[in-house]
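Working notes for the structure below.
Every number in this text was worked out from the coordinates using simple rules, so none of it is lab data. Not measured: the values here are computed from a predicted model. Quick reminder, even Gly has a Cβ in these numbers, built from the backbone with ideal geometry, and neighbours come from all protein chains shown.
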Amino acid sequence: MAIPLKYNLRNLRVRWRMTLATVLGVALVVAVFVMVMALDRGLKATYVSTGDARNVLVLRKGSTAESNSQIGREDMRHIKYLDEIARDEHGEPLISPEILLLINIERINHSGGANVLVRGLGPMGLALRPRIELVEGRLFEPSRRECIVSRKIAERFANCHVGQVFHSGRTDWHVVGMFEAAKTAYESEIWMDADEARDVFKREFYGSALIRPVNATAAVALKTRLENDPNLQVRVIPETEYYQEQTKTSRPIRFLGEFLAVIMSIGAAFSAMNTMYAAIASRTREIGTLRVLGYRRRDIYLSFMVESILLAALGGVLGCLFSLPLNGVATGTFSWTTFAEVAFEFRITPELLGKGMLFAVGMGVFGGLLPARLAARKPVLDALRAV
C-alpha cells in the first residue's frame, strides 16, 4: 500500500529551513534556464517574423548576408526592368536597390559605442515592407543627409530621436522620422536613401535588391533567369527564407543557456540530494515504524522519491514566477552575421515554462534516486534500535 502524500507534505513543512534552501536553489536554476532560453526564442522570433512571402532577395553569389554582398550599379540597372517584376499603379517596378552598412553610435547611457546597421533604401523600399509604420516625423528626403530610425534604436542610442543629429561617415545625419517594424529584424536599423548612403560612405556598389515578382510563377522564372546569367553571378532567395537563415545568430546564446543550465542543475540536484539524505538521517525511527506497520521497501522508495520531486516542483514553480516579469522586455545582443547589435524581446511562452518545470522535476528525480534507495534498503532492526 502507498504511503499517504500528507506524510511527505508534513515532513517538508516541519523541516522548512532545509526545504526553503533547496526550493530556492532549484528556483534559481529554473529561472536562469527559462530566461536564457527566452533570449534564444526572442531572437529567433525576430528573424522568423521578418520579411514578406511575396518578396525575393537578390545577393551576390557566395554571400551569407546583405552586409557582405556586392552588386554593381550596371548589374542593378539590368535587373530593374525585367518582365517578371511587378509594377505599382504608376508603372514603376517594385524593386529596391539597397545597401547595408555598419556605423558606431554612442549608447544613450554613455557606456560606450556599439555597431548599428544602416540600411540604404531605394524609392520602393517602404512599399515592399507594408508592415513598417512611420509613427513620428516624416520620411527622409534624398541628398539632405536625413534618416529615419526605429523606435528601439532611439531608446538605446544617443541622438537618435526625431530632431536630433548624430555624426557618422564624416557628416551629420538629421533624424526626421521614427518607425516601428512589428518586432522584426528591421527594429535594429537606421534607414536612409541608398544612393546617398553609397556616396557618403564611399561605396561603388549596392548590397542587395529586394524585389516583388508578379506572382509565384514569375518568381521561379526570375530566379532561373538571374542565377543562370553568367554576367551577374547572383543568387535569388525568398526574403522570409533569408531571415530564417539568420537565426544562427542565436546559437551562442542557446549554447550558453544550456551550459549554464547543466552546471547549475548539478549543484541544485546535489542540494536536493543533501536535503533528502538529512531527512533520512533524522527519520530513522519513522522508517522503522513504517516497515513494522507493513509498508514495503518499494512504498518507502516511492514516498521519498515523491518528496524529492515535490521539492523540485516547488522550486520549478517559483523559478517560472521569477522569470515571468522579463517577458516582453526589450534588449539587444551582438549578431555574428552582421557584427551589429540586434534588438529583440524576451519571449517566455507556456511551452518554455513547461520545459522549465520538466527540467525542475528532472533535478528532483536525480536528487532523490540515491537517498530514496538508502531509505528503502535501511535494515528494520537498525531502524528499530533508534526507537
Next item on the list: For the range 31-71 and the range 114-191, write down the distance between their C-alpha centroids in whole Å.
Entry: 19
Notebook entry, point to check: Pairing the Cα long axis of helix 5-14 with the longest principal axis of the chain, what angle in degrees results, from 0 to 90 and rounded to the nearest 10?
Noted result: 90
Note to self: I'm a student and want to see the number: the projected area of the Cα convex hull of the range 80-150, averaged over all directions, in nm².
What the structure shows: 6.7
Margin query: If you take every DSSP beta bridge fully contained in the range 62-232, what fraction is antiparallel? Give it as a percent rounded to 5.
Written below: 75
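Which is the longest stretch in the chain that no exposed loop site breaks, taking sites as GluC sites (Glu not before Pro) with a DSSP loop state and at most 14 other Cβ atoms within 10 Å? Walk me through the numbers on the way to the answer.
Values: sites that count: E89, E204.
Maximal segment without exposed cleavage sites: 205-387.
Quick one: compute a quarter of the convex hull surface over the Cα atoms of the range 173-278 and quote it in nm².
13.6
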Margin query: Just want the ordering: F33, F259, F346, from fewest to most Cβ atoms lying within 10 Å of their own Cβ.
Written below: F259, F346, F33
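Scan the range 68-168 for trypsin sites (Lys or Arg not before Pro) in coil per DSSP, keeping those whose Cβ has at most 16 other Cβ atoms within 10 Å, and list them by number.
Values: sites: R73, R77, K80, R87, R107, R119, R131, R138, R144, R145, R151, K152, R156; in loops: R131, R138, R144, R145.
Counting only loop positions with at most 16 other Cβ atoms within 10 Å, the trypsin sites (Lys or Arg not before Pro) in the range 68-168 are R131, R138, R144.
Before rounding to the nearest 500, sum -39500 (n - 2.57) across all DSSP H runs of length at least 4 in the chain and divide by the residue total; then give [θ] at 222 nm in deg cm²/dmol.
Dividing the helical sum by the residues of the chain leaves -15500 deg cm²/dmol.
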Item checked: DSSP-defined beta bridges in the chain - what % are antiparallel, rounded to 5 -> 80
Checklist line | Using alpha-carbon coordinates, inclination of helix 350-377 to the longest axis of the chain, degrees | finding: 30
Notebook entry, point to check: With each label point set 7 Å from Cα along the Cα-Cβ vector, what nm distance links R203 and D172?
Noted result: 2.5
Margin query: Can you give the local net charge around M124? Use residues other than it whose beta-carbon is closer than 11 angstrom to its beta-carbon, Lys and Arg +1, Asp and Glu -1.
Written below: +1
Next item on the list: Determine the relative contact order of the range 62-232: mean sequence separation of Cα pairs under 8 Å and six or more apart, normalised by residue count, in whole percent.
Entry: 31
Item checked: Residue exposure sequence - D52, D75, D83 - by fewest surrounding Cβ within 10 Å -> D83, D52, D75
Next item on the list: Would you mind checking the tilt of helix 216-227 against the longest principal axis of the Cα atoms of the chain, expressed as 0 to 90 degrees and rounded to 10?
Entry: 70
Check: Counting Lys +1, Arg +1, Asp -1, Glu -1, what net charge surrounds R138 among other residues with beta carbon under 14 Å of its beta carbon?
Finding: -4
Margin query: Relative to 2.2 N^0.38 Å, what does the C-alpha radius of gyration of the chain come to as a ratio? Two decimals please.
Written below: 1.41
Notebook entry, point to check: Tell me, F366, F270, F157 in order of fewest to most beta-carbon neighbours within 10 Å?
Noted result: F270, F366, F157
Notebook entry, point to check: Gaussian network model of the chain, Cα springs within a sub-10 Å range: biggest mean-square fluctuation belongs to which of A360, A194, A158?
Noted result: A158
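Can you pull a Stokes-Einstein diffusion coefficient for the range 55-194 at 4 °C (1.567 mPa s), Rh from Kirkwood over Cα pairs, as a whole number of µm²/s?
Taking Rh from Cα pairs, D becomes 81 µm²/s.
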Next item on the list: Give the calculated FRET efficiency between S63 and D299 to the nearest 0.05, with a Förster radius of 56 Å applied to their Cβ-Cβ distance.
Entry: 0.30
Margin query: A 23 angstrom limit on the alpha carbon distance is what I want to check against. Which of K80/K152; K44/K202; K44/K152; K183/K355; K183/K223 exceed it?
Written below: K80/K152; K44/K202; K183/K355; K183/K223
